[in-house]
Each structure stands twice: as C-alpha cells, then as structure tokens.
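Everything below concerns the one structure shown next.
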Amino acid sequence: MATTTTERESTAAGSGAVPARDRLTWRERALFTAAFFLPPRLTPDRVRYDRRYRKLDQHRFIVWFLVPPVLIYLVFVISPFLQAFYYSMTDWSGFDSEFSFTGFDNYERMWHDEKFWDAMGNSVLLLVLGPLITLALGLFFAFMLTAGGRHRRSEPVSGIRGANVYKIVYFFPQVLSIAVIAVMWGRIYSPHGGIVNETLGAVGLDSWKQEDWLGGDLARWCVLAVLCWSFVGFYVVLFSAAMSAIPTQIYEASLLDGAGRWQMFSRLTFPLTWDTIRTGWIYMGIQGLDGFALVNIMVPEHGMDVVPSYLYKKAFQEAQAGYATAIGVALFLVTLVFALIMLLLGRRDRIEM
Amino acid sequence: MTSRPYLNRRTLLRRSAAAGLVTVPALGALSACASGGGSDNEPEERGETSADNPFGVTDSELEVVIFDGGFGDQYAKDAEAIYEQSYGSVDHTKTQEISSQLQPRLVQGSPPDVIDNDGAHAMEIAALIHDEQVYDLTELLDAPSLDDPNTKVRDTLMPTIVEMGQYGGQEVYQLNYAFTIYGQWYSRTALERIGAEYPQTWDEMLAVCEAAKREGMAGWTYAGQYPYYFNFTMYPMIAKVGGPEVLAAIDNLEPNAWRHDAVKAVFEAYYELTARGYILEGSPGMSHEDSQDEWNQYHALFIPNGSWVENESKANTPEDFRMAVGAPTGLDSSDAMPFGTLWASGSAPFFIPADASNAAGGLEFLRIMLGKESASNFTKLTSSLTCVRGAADDLELGPGLTSAKETFEAAGDNLVLPRIQDWYSTLNNEDIGGAIADMMAGNIEPDEAITRCQNAADTVAQDDSILKTRHV
C-alpha cells in the first residue's frame, strides 16, 4: 500500500510541472537541433546517449527522406498553381516578359464570355455523362463476363462463354493512343465514305445520315460516344478483377436463398465493388473534363470546344495567356467541386470480406 | 504519461502538409517565374557596309527557323548555302511547332534571327508587334536588290506584299515569301465535258451548275471542316459587287459592315447553290483533302481554294485533269469592279525578332531569298509562286500554276486584299467560317448568317483584349 501511494505522489508531482531533468537547456536545444540536420554519424555523443535520441533519430529519418519529394512537389506543382492565380489577374500576352496587373478583369470577362460558357457546358456534359455511361457499361459487361453465364453444377457463378476473349477485345482501344483513336473516329464520322453514314445507308436509315457529324450540334454527342468507347474496355477489366475477388461462397449462399441475377448484382456485386467503382468514377471524370485531344483532333476549328481546348486556343493561338490562365483557374475550381462531390457521395461504409 | 513512441501515418501526413504550407512562401522567392527573363542581348554591333554587304553583316552565326509544312525546308537550306559562301555559318532548324518552340525563347529575349512563322501553330503576329518583338524590315526593302544594285528590293516585289507586312502603320514587320492566288479552281476537262464556258455572272454560274448536275456532277464541293475556304472567293466577290471599300469596312470592324447590300447579295448567291442542290453531298463534313479528292474524281466542278492545291492534291489528280483557276464569278454587269477581280496575296510570313542577336544577318538572308536564284528555286521545289516579280517567268509550271499566273496577270490592278484573315484569324476562321458553314449546309438562311457575322465582328470590336488594326 505504502509503495503505491509514493508512486501516485510522484506521478502527481510529474504532471504538475515538468521535472528539471526533462527540460532542455538552450545549449542542449542547440545541440539537438544541430544533430537533427547533421548526418547520423556526426551526432554528438551527448545527444546519442540521451534518452530522447530515439525520437530524434526517427523524425530525422522521415524528414530527410521526405524533403526531396516535397521540394520537387512544391517547385513543380504548388508554385505553378500559385503563380497561375497571379497570372490570371494580368493581361500577359505570353510573348513578352512585360504585363500589367488587371485584378479581376479576366474573371469578369469570362463571366460574359458566351464561348467560354459553351465550352463549360460541353465539359460538364462530358464530366457527368461520360463516367455514367462508361461505368454502367463497364459494370454490365464485367458482370456478364464473371457471373452472366449459365449455371454449371460445379460453380455457383460463371461468365458467359468466351469471357476471356471478350476481355481482351474490350481492352483493345486502351492500347491505342488517344491521338490514334481521335484520327480513326474522325474518319469513321466522315461523310466522305465514313462507316457511320455507310452503315446507316446500308440498313435503310438514309434519313439519319448526316453531312456533318462533327461540325454542328451533334458533335458533343459524337465526342461523348468516342470517349465512352475508348474507356469502357479498361473498366471491364478493372471491374472484372474486382468482381472475381468476391468470394464464391457469398454467391453460393445467395443462390441458395433464391436470389435472381438482378438481385445478385444489386445486393452483392455492386456493393462489394463500390470502392473500385468510386475510384473509376473519379478517374473517368478526369478523362471527361479533359477531352482535349479528342476535341482538338476530331472536331473542326469552328465546331465545339471544351474548356481545355478553349484555354489552349486563348493561350497559344490568340496570345492571351493571362485570360487563358483565368480559364485554367476556373477549370481548377470545377475539378475541385467535382472531387468534393465525389468524396461526399462516395462516403459509405466499407464492407470487410 | 502516454507518449506515442512512433508517428503514425496520419500525423506524419498532417505534419508534412503543414510543413509544406509553411515552406511555400519561402520557395516563392526561389522558383523562377514563368515569365521571368527579359531581353539580355546587347544591341548588335554591325560591321562595315559595302555595296555587296548593305547591312554590315559580320561573321557571327545566323540562326534560322523554318516551318516544316507543305513547302518543306530545302529552299531555305539552298539559300543558307549562298549566305554561308559570304558570311558566317547558319544554324538551321525546322519544326511544325513554331509557337511552342519559339514562344519561350521570345519571352526570354534570346530568339533566333529569322523565323518562318507559318502553319497552324504560328505565333500571333499582331501580339508580337504590339509587344515590340518584331524588327522593322523597311531597311531591307530600301536596300539594293541582290540581282540589280540599281533596283531596290521593294521594287522587285509582287503587289500586296509590302501592304501585307504592315499592321496599321508604315513599318513593315513581315515578309510573305510565297504568293498565293485564290479563286474558283476547276478542271478544264470537266468544264468541256459539260460543254460550258467559265461563268462570269451568277446566272451563268447557276446554268453551269445545272448543266453539271445533268451530267451527274455536283457544281461545287468545299472543305466543310475549313469553311473559311469559301472566303477565298466570297470576299473578292463582295469587293467586285460593292467595291473594295466594303471589304475595308469589314476589315476595320465597322458597325453594320456586314449588312451592306453587296454582302447580302453575295451570301444569297452562294445560298442559292445550296438551295438548288448544286453542292456535293457530304461536303459540310469534309476535310480539305476529302473535298479535293472528290473534285479530282470529277464529282464536283468548282472548289474554292488557293494555288497550293495543285501541289497538295498532286497524288490524286488524274493526268487529263488540266487544272485551272478562274477569278471569282460576279453577280452581273452592274458590279462595281470588272470580271477578273482577284484575291492574290502573300503567304509563308517571315520575320526577324527585335531581340535577334544577328539581325543584320537575318536581313541579308532575306535579301538572298528575294534574289531571282533562290526565288525560282523555291518555285521549282514547291510548285508555288514567290513574292518576287517575274522569278517564275522562265520556268515550266504545272497547268494549275500556269493558269494561276495567267489569271493573276489578267487581273491587272483589280486585286483585292482582305486583311481580316490575318488580323482577326479567330473571327475569320471560327465565327465567320462557322456562320458560312451553317449557311452552306442549309441550316440557316443568309440573313441569319449575316447577323451572326455582324455580331461576331461587333464582339471583337468591343473586346479590349484583342489588338485592333485598321487600314491606313
């Protein structure tokens, strides 16, 4: 009993004021600081044999390794971002090192710029519908490939016949560079012997033929279709992998409970692949917001714009780097909002397997 | 006392993020601005001038950047060889990415000495001039020409070349080396086949198209993806119908310039082609190559184009095609200008940056390029005329270029020079091009197309961020 009391007393004393031996003198402090910046070999003995050395060593190790990547990140990512905010408030032409500060003029101009809002409308369309269609198709195909086949006795679920061949075929567009895809689809939409018009003609839908798919109002839908086409394969493979990670016992159990295919998908597969879907959604959203290569290569100059292609025109063709930077900042804000929405929507309990 | 011996991942991330925030302002000073730099060149020192060396070129190296497009770069290499015989060595670069390669160097103040600022990624010359990045070439124009010391360079040039180098003042900032004749391109064979003469009035044009239609040939095709090709014939037609001042008003972005009766008449005339079904099906979505192919295959009679088309479509042109170009068809005999009125002007613009370290060498290089030897070499290599008067007289040219030369000579003084294409290229190519594209595709009526053109021009006129130029 007596010993416990003393212990308690000493603890009480310790919490009241730091004991003298724990406080660092300014000399020790300087020594510790020096040791932090010196290579471990040069650590003074006084510090090395101090009981706080272990903590110092640990921090030093981590900080030293973090410094180079953080520096690179700051110089090449953060500082251009900050500079962009500044340049967006100037009338910089992009050709000269001279410019003047114009405050929010560029933003005001952007607010009244119909072409900018057109481009933004198209970008938002691609941002919303691109992931929706692509992921839905990807999920559907992946589910068919992993659990869409006939029931066989030995396995609770199986893919349709030739699932592996399909997986490879779906993945083909992913191998092509986006520039190649854009050139190819430019030809497909061409009224000069392009497949789209020829096919419509061959099946008797002559009235559906268009003289100009990519120059007019249909262009955004054409671009959307190409965007989805080029990425579906990737998501089929991604989702197939996620689905095959689901233990078959769960499917077995659901089969015994009499679940149909739709129930199996909506109650099992979908929730269990949700994490992958969310990641895919963000990635696909970024692709949709970009869309630069497709639009720049496929669509004629007087046709539709998306925000990045409009930005490019302003910066590199019309010598309005300041205004282009303001558009870039707007794009940054849209991306930020998109990311926030995704984070809020995506909050859902994780299911452990 | 519970102290955690190890940092966990979250606190580590949090702390490093905080550290990052603190470091940012400190790094601001460290990192160089994108726009940093500035002119670091001393004013160049020139050597002694002489009759052969009017600019006082020294032996210092000359750097030339050539746009690697339809003209290639061999012609420049040949001219550089001549330069190297008398002066220092030449550093030759060719690129298609003029803007992305050279913009940073201009910003830094260490540009090359001569730039062929051409192609889809050319730099906006008006902005460069405004930023005082371009050397005034007046000195070159007043120097003796290479072939005849008694003639100034200025007097060896084709018409419109000096004017095209001017941007609202007397200074001449760029030299368009190639010379282009725009018009209605056709095949003499095709025209003979339908038994027609080249149409001079719009009624004749409609009759020729009708005759072509009976032969199963469309009257016109065009590059729908580049609808501003129509401007090559529509602008001169506007000038022919209403006089050159109508075009000047359009160039000057004057209010209601597009609402002039001549513009309305021309738009309605062209819309007639669409309304009567004389346009080849599918043209609205075609690239320039597609439309030229169709034209080469006798699927359409006329195509609005420039004199580069002969070389560009060479591979697909049939032997018996007999390519030719005619001046834009007018409306009728009451037009302000006679038939033959033509848009012919320079292309392939060269300039010397104001900060060039060897500007004298650049001037001398351009003087060599403007000599007969280099100019006829250019025509031989590229099947394009140059801005040097008479340089192609002794050469055997293809049928298209021969016809272009004849049409140009027949035009005499009736040349027009619309500037909107080089002054406000976005307005010309996208907004006006887009309106014309919609009209020729039959989506909108001429009145609406004109309204769109006028609105777009008004928008540009009110936009302070776009540099304005006016006819002097």
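Brief remarks on what is shown
- Close pairs (7 angstrom Cβ cut-off, 6 or more residues apart or separate chains): among the charged types (D, E, K, R) in the stretch A:209-227, assigned to a loop (DSSP other than H, G, I, E, B) anywhere: A:E211/A:P191; A:E211/B:E281; A:E211/B:G282; A:E211/B:A441; A:D212/A:P191; A:D212/B:G224; A:D212/B:A441; A:R220/A:M304
- In the stretch B:420-435, residue nearest to the chain's Cα centre (by Cα) [restricted to those that are open to solvent by less than 10 Å² (accessible area, probe 1.4 Å) and at the interface with chain A (Cβ under 8 Å from one of its Cβ atoms)]: B:G433
- Residues that are of a type in the set (A, V, I, L, M), under 29 Å from A:E301 (Cα atoms) and in a helix (DSSP H, G or I) do not occur anywhere in the stretch A:136-151.
- In the stretch A:156-187, residue surrounded by the most Cβ atoms within 10 Å (Cβ to Cβ) [restricted to those that are among the small types (G, A, S) and within 14 Å of chain B (Cβ to nearest Cβ)]: A:G186
- Among the residues listed as A:F61, A:F32, A:F76, the single one being away from every other protein chain (no Cβ under 14 Å) and not in a loop (DSSP other than H, G, I, E, B): A:F32
- Only one entry of A:V175, A:V165, A:V203 meets the criterion of being within 21 Å of A:L224 (Cα to Cα) and among the hydrophobic types (A, V, I, L, M, F, W, C), and that entry is A:V175.
- Per this entry, B:A410 is counted among residues that are in a helix (DSSP H, G or I) and open to solvent by 10 Å² or more (accessible area, probe 1.4 Å).
- Within the stretch B:105-148, considering residues that are under 16 Å from A:E318 (Cβ atoms) and away from chain A (no Cβ under 11 Å), the one least open to solvent (accessible area, probe 1.4 Å): B:N117
- Applying the criterion of being of a type outside the set (D, E) and within 11 Å of chain B (Cβ to nearest Cβ) to the residues of the stretch A:111-125, the residue that is surrounded by the fewest Cβ atoms within 10 Å (Cβ to Cβ) is A:H112.
- Verdict on B:P244 being within 23 Å of B:S425 (Cβ to Cβ) and in contact (Cβ under 8 Å) with a residue 24 or more places away in the chain: yes
- Any hit, the stretch B:264-272, residues being within 30 Å of B:K468 (Cα to Cα) and of a type in the set (D, E, K, R): yes
- Close pairs (6 angstrom Cβ cut-off, 6 or more residues apart or separate chains): more than 7 Å from every other protein chain (Cβ to nearest Cβ) in the stretch A:310-332, open to solvent by 20 Å² or more (accessible area, probe 1.4 Å) and hydroxyl-bearing (S, T, Y) anywhere: A:A326/A:Y107
- Whether a residue is over 11 Å from B:A223 (Cα atoms) and part of a helix (DSSP H, G or I) was assessed, and B:Y270 passes this test.
- Screening B:D413 with (1) within 14 Å of another protein chain (Cβ to nearest Cβ); (2) modelled with pLDDT under 95 gives one miss only, at (1).
- Answer residue from the stretch A:44-54, given it is of a type outside the set (D, E) and over 44 Å from the mean Cα position of the chain (by Cα) and is least open to solvent (accessible area, probe 1.4 Å) among those: A:V47
- Residue within the stretch B:383-397 that is touching a residue at least 12 places away in the same chain (Cβ under 8 Å), of a type outside the set (A, V, I, L, M) and part of a helix (DSSP H, G or I) present: no
- Of the residues making up the stretch B:310-329, at least one is buried (at least 21 other Cβ atoms within 10 Å of the Cβ), more than 23 Å from the chain's Cα centre (by Cα), away from chain A (no Cβ under 14 Å) and over 24 Å from B:I250 (Cβ atoms).
- Taken together, the criteria exclude A:F85 from residues that are buried (at least 21 other Cβ atoms within 10 Å of the Cβ), part of a helix (DSSP H, G or I) and more than 10 Å from chain B (Cβ to nearest Cβ).
- The helices (runs of 4 or more DSSP H) found entirely in the stretch B:54-147 that carry 2 or more residues being in contact (Cβ under 8 Å) with a residue 60 or more places away in the chain and within 24 Å of B:N429 (Cα to Cα) are B:125-130.
- A:F99 being open to solvent by 40 Å² or more (accessible area, probe 1.4 Å), within 11 Å of another protein chain (Cβ to nearest Cβ) and in contact with a helix residue (DSSP H, G or I) (Cβ under 7 Å, 6 or more places away or on another chain): yes
- Selection status of A:T134, away from every other protein chain (no Cβ under 12 Å) and open to solvent by less than 30 Å² (accessible area, probe 1.4 Å): yes
- Residues located in the stretch B:187-205, provided they are closer than 16 Å to B:L273 by Cα and either open to solvent by less than 20 Å² (accessible area, probe 1.4 Å) or of a type in the set (V, I, T) (or both): B:P199, B:T201, B:W202, B:M205
- Residue match in the stretch B:242-255 (condition: over 24 Å from the mean Cα position of the chain (by Cα) and open to solvent by 10 Å² or more (accessible area, probe 1.4 Å)): yes
- Residue match in the stretch A:300-309 (condition: charged (D, E, K, R), surrounded by 17 or more Cβ atoms within 10 Å (Cβ to Cβ), modelled with pLDDT of 90 or more and in the same structural domain as A:F239 (by TED's automatic domain parsing)): yes
- Taking the stretch B:77-103 as the range and being charged (D, E, K, R) and open to solvent by less than 20 Å² (accessible area, probe 1.4 Å) as the test, only B:E80 passes.
The values are calculated or read from the model by the stated rules, or taken from the named source; none is laboratory data. Owing to the predicted nature of the structure, the values given are computational and were not obtained by experimental measurement. Heads up, the Cβs are rebuilt from the backbone with ideal geometry, glycines too, and the neighbour counts pull from every protein chain shown. Quick note on the areas: whole protein, heavy atoms, side chains included, nothing else; ligands and nucleic acids left out. Shrake-Rupley method; radii C 1.70, N 1.55, O 1.52, S 1.80 Å.
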